[in-house]
Amino acid sequence: LVLASSSPRRRELLASLDFAVQEGQRHSDGIEHVVLAGWSLGGMAAIGLALQPEADSTYRPGAVVSIAAGYWTPTPISGVSAMESLSNITAVPMPIWVVHGKRDEVVPASGAQEFVDGLHKIGWSSTLTFLDAEHESIIGLEHDEQSGMGVPSTSDEARRSVHRVAQVIEDALRGSSD
């Protein structure tokens, strides 16, 4: 599992992906399946790498999990939105797992449904999971007004969301759907 940061750069993301694969090969008989997961801008980066791969990575993930990402905003990887990429995609299909909060006020949940519908139209496998969560609570955070950042939350909503997101990532690692 490789997690894309909330401020990803293409070079660092590819280096992390390559490192995970090399370490996996070094510590086992081989690596079968790497999942690239990201939240918000990190989710957009993961999707950007899936839809617009370049030859500068030695390995492409086997699946992507995108959590609370915006699909009409240009990705930090390609500079093109995921929705725009769907119209001229040349990448080999891979499973895409999308998780989004129904109460997300930062990135509207309707974009997640539209993106998954677009993936299905071009023949890509995609699973969409909506959670009763907000943008930050979906990964176990709550917004701190003083710092303007997400801080760990102990709310039941955040705990349930984190548990379900972990289940989706586990499903993606196993290659199964719900």
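Quick look at the values:
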quantity	calculated
Probe 1.4 Å - accessible area at Met149, Å² to nearest ten	120
Descending Cα extents along the principal axes, region 114-178, whole Å	45, 23, 17
Leu173, Leu128, ranked by accessible area, largest first (probe 1.4 Å)	Leu173, Leu128
Rounded to 5, the percent of DSSP beta bridges in the chain classed as antiparallel	20
Per residue value of the accessible surface for the chain (all protein chains in place, 1.4 Å probe), Å²	52
Residue-averaged [θ]222 nm for the chain, counting only DSSP H segments that reach four residues, each worth -39500 (n - 2.57)	-11000 deg cm²/dmol
Solvent-accessible surface (1.4 angstrom probe) belonging to Trp39, in square angstrom, nearest 10	50
Exposure of Glu142 as accessible area (Å², to 10), given a probe of 1.4 Å and all protein chains	90
Which of His33, His100 is most accessible, then next, and so on - probe 1.4 Å	His33, His100
Considering only region 90-157, percent of DSSP beta bridges that pair antiparallel, nearest 5	40
Ellipsoid equivalent to region 52-178 - semi-axes via the Cα gyration tensor, in Å	26, 17, 14
Rounded percent of accessible protein surface that carbon and sulfur make up, region 30-178, 1.4 Å probe	51
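The values are calculated or read from the model by the stated rules, or taken from the named source; none is laboratory data. Not measured: the values here are computed from a predicted model. What goes into the accessible areas is simple: the full protein's heavy atoms, side chains included, and nothing from ligands, DNA or RNA. Shrake-Rupley method; radii C 1.70, N 1.55, O 1.52, S 1.80 Å.
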